[in-house]
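Novice: Encoded as structure tokens, here's the structure I'll be asking about.
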Amino acid sequence: MAYCTLEKTFYADASSDRYANVEELYTSRFNSESTYRTGIELESGEMFLSVPHELLYNTEQVLRKERRVSALWRDLPIVALGAYVRSLIMDEVVYSNEIEGVHSTRRQIEEALAANDKSAHAPFVEFAQLYLNLSNNPPMPQSLQDIRRIYDSVVADAISPEDLPGDGLFRSGPVEILNQHGKTVHKGVYPPQKIEEMMSAWLGLSQREDIPELYAAALCHFLFGYIHPFFDGNGRTGRYLLALQLSRPLSQPTVLSLSRVIAENKATYYRAFDAVERPLNRSDATSFVIAILDLISDAQDGLIANLEEKKRALDGLFECVHNLEGEFSKRQLEALCYAAQIHLYSIFGEIRLDGLREYLDVSLPTARNCAKELERLELMSRVSQRPPIYKLTDVGAELLGIG
């Protein structure tokens, strides 16, 4: 049975006692032994989380699907895994930007990922590197200064100077969120002292060990949006922090697929925020946590389908390579196998000589000669002279059973 908010229960009650009835239901939910109370006061009361059957079922489904995602992920060869991670990061950054109306392209993010340091001129370098670094299990922010540093990386090259916070850690003025009709749907916490107090409460909530990690991550995501600590860039920063917090209980591919699903369900996502703030709902965040779990589940469904499809293609590829033994040299077959994995698991399917050299474990001139041999056989084509970049041709893909 779907969880019914206090507001929906109130309006569904046609009796003259509906005010007393909804108050009784609120009291029952708020004081239940299974309820997680945050101690954080919002405009309509203390934020809390009930644990109805729907939430328990959704949690079990997410954990069950996560086992399948992890199993498929572990089976990936290292080349395919690396290519797929970078593809997921490209989509994650592009979609997170798109939700906020910031234009970026996968090519820009690819260049940002290829940048070796933050001084590179490619846009979105710091934002992309944050997501790339998730594989290194970075710590959650431990201070307000840590949050500001993350924010600065998220919005670097993608925010107007007048929208930066200024000398303080967070914004110095009030902010309102308007809908498409110009109506105010949310006012961020204000004044600055209150913002810092609430962000300190956010830090405390993110570190609590008595709330399951999935639930704490969702609650923190709501609270960050509610506080709205910056003039601009709150959505992108909040979704990165959500990814960071979820990277503990969930796998990297699941975490890197959320912004795409959120972008595809943007109206549902924003309605979930709005529901918690409605006065009749008394800061009950249960429906929000359920909505976030639903989005995670949708992301997992897409991942599982995609990874299973690619696994079938990969199995067919290895069989084709085995059958081609004797027609090509061992090195040529290894190079074709590498190119085919890049073709299957990356967005652009482009092969760089340094990657091919490392995979073949040969010198750069040897890797270059191998690529040229396959180019002469029309199995690979050069798409860039400087630096030399190759792609598998249609003939090559057909030969390897992935055309």
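The values are calculated or read from the model by the stated rules, or taken from the named source; none is laboratory data. Keep in mind it's a predicted model, so treat the numbers as computed, not measured. Every residue, glycine as well, gets a Cβ built from its backbone with ideal geometry; the counts of neighbours run over all protein chains shown.
Novice: Run down Tyr359, Tyr269, Tyr345 and say which single residue is of a type in the set (Phe, Trp, Tyr) and assigned by TED's automatic domain parsing to the domain that holds Gly238.
Specialist: Testing whether each residue is of a type in the set (Phe, Trp, Tyr) and assigned by TED's automatic domain parsing to the domain that holds Gly238 leaves just Tyr269.
Novice: I'm told Arg29 meets every condition in (1) over 22 Å from Gly225 (Cβ atoms); (2) loosely packed, with under 14 Cβ neighbours inside 10 Å except one. Can you identify the failing condition by its number?
Specialist: (2)
Novice: Please go through (1) without any contact (Cβ under 8 Å) to a residue 60 or more places away in the chain; (2) over 30 Å from Thr184 (Cβ atoms) for Val255 and return the number of the only condition it doesn't satisfy.
Specialist: The number of the failed condition is (1).
Novice: If Lys194 meets every condition in (1) surrounded by fewer than 17 Cβ atoms within 10 Å (Cβ to Cβ); (2) part of a loop (DSSP other than H, G, I, E, B) apart from one, which number is that one?
Specialist: Going through (1) surrounded by fewer than 17 Cβ atoms within 10 Å (Cβ to Cβ); (2) part of a loop (DSSP other than H, G, I, E, B) one by one, Lys194 breaks only (2).
Novice: Continuing with the same structure: Here are the criteria: (1) in contact with a Phe, Trp or Tyr (Cβ under 8 Å, 6 or more places away or on another chain); (2) at pLDDT 95 or above. Tell me which single one Pro212 does not satisfy.
Specialist: If we test Pro212 against (1) in contact with a Phe, Trp or Tyr (Cβ under 8 Å, 6 or more places away or on another chain); (2) at pLDDT 95 or above, just (1) comes out false.
Novice: Determine whether Val69 is closer than 30 Å to Leu203 by Cβ, surrounded by 15 or more Cβ atoms within 10 Å (Cβ to Cβ), at pLDDT 95 or above and not assigned by TED's automatic domain parsing to the domain that holds Gln341.
Specialist: Judged against the criteria, Val69 is a match.
Novice: Now, a different point. Is there any pair with a first residue in the range 183-212 that is of a type in the set (Asp, Glu) and a second that is not in a helix (DSSP H, G or I) whose Cβ atoms are under 8 Å apart and which are 6 or more apart or on different chains, and what are they?
Specialist: Glu196/Leu169; Glu196/Phe170; Asp210/Tyr36
Novice: While we're looking at this one, here's another question. Within the range 326-338, track down each residue that is within 18 Å of Glu398 (Cβ to Cβ) and not small (Gly, Ala, Ser).
Specialist: Once the filter is applied, which keeps residues that are within 18 Å of Glu398 (Cβ to Cβ) and not small (Gly, Ala, Ser), the range 326-338 yields Glu327, Phe328, Gln332, Leu333, Leu336, Cys337, Tyr338.
Novice: Among the listed residues Val79, Val62, identify the single one that is touching a residue at least 24 places away in the same chain (Cβ under 8 Å) and out of contact with any Leu (no Cβ under 8 Å at 6 or more places or on another chain).
Specialist: Within the list Val79, Val62, the selection yields Val79.
Novice: Sticking with this one: Given the options Glu398, Glu325, Glu375, Glu358, name the one that is of a type in the set (D, E, K, R) and within 33 Å of the chain's Cα centre (by Cα).
Specialist: Testing whether each residue is of a type in the set (D, E, K, R) and within 33 Å of the chain's Cα centre (by Cα) leaves just Glu358.
Novice: Follow-up. With of a type in the set (Ser, Thr, Tyr) and loosely packed, with under 14 Cβ neighbours inside 10 Å as the only criterion, which of Ser153, Ser104, Ser143, Ser87 stands out?
Specialist: Answer to the check: Ser143.
A quick yes/no check of all residues on (1) within 30 Å of Ile99 (Cβ to Cβ); (2) among the charged types (D, E, K, R); (3) at pLDDT 95 or above:
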| site | (1), (2), (3) |
| --- | --- |
| Glu264 | yes, yes, yes |
| Arg271 | yes, yes, yes |
| Asn281 | yes, no, yes |
| Leu295 | yes, no, yes |
| Phe328 | no, no, yes |
| Tyr338 | no, no, yes |
| Leu344 | yes, no, yes |
| Glu350 | yes, yes, yes |
| Asn369 | no, no, yes |
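Novice: Mind checking which pairs have a first residue in the range 161-173 that is free of Cβ contacts under 8 Å to residues at least 24 places away in the same chain and a second that is polar (S, T, N, Q), Cβ under 9 Å, 6 or more apart or different chains?
Specialist: Within 9 Å, the pairs are Gly166/Ser172.
Novice: In the range 108-150, what count of residues is obtained for those that are over 19 Å from Gly235 (Cα atoms) and either in contact (Cβ under 8 Å) with a residue 60 or more places away in the chain or not in a helix (DSSP H, G or I) (or both)?
Specialist: 15
Novice: Then there's this: Going by the conditions given, is Arg248 of a type in the set (Lys, Arg), assigned by TED's automatic domain parsing to the domain that holds Thr184 and surrounded by 21 or more Cβ atoms within 10 Å (Cβ to Cβ)?
Specialist: The answer is no for Arg248.
Novice: Mind checking which residues of the range 30-72 are more than 19 Å from Arg278 (Cα to Cα) and part of a strand (DSSP E or B)?
Specialist: Of everything in the range 30-72, just one residue is more than 19 Å from Arg278 (Cα to Cα) and part of a strand (DSSP E or B), namely Tyr36.
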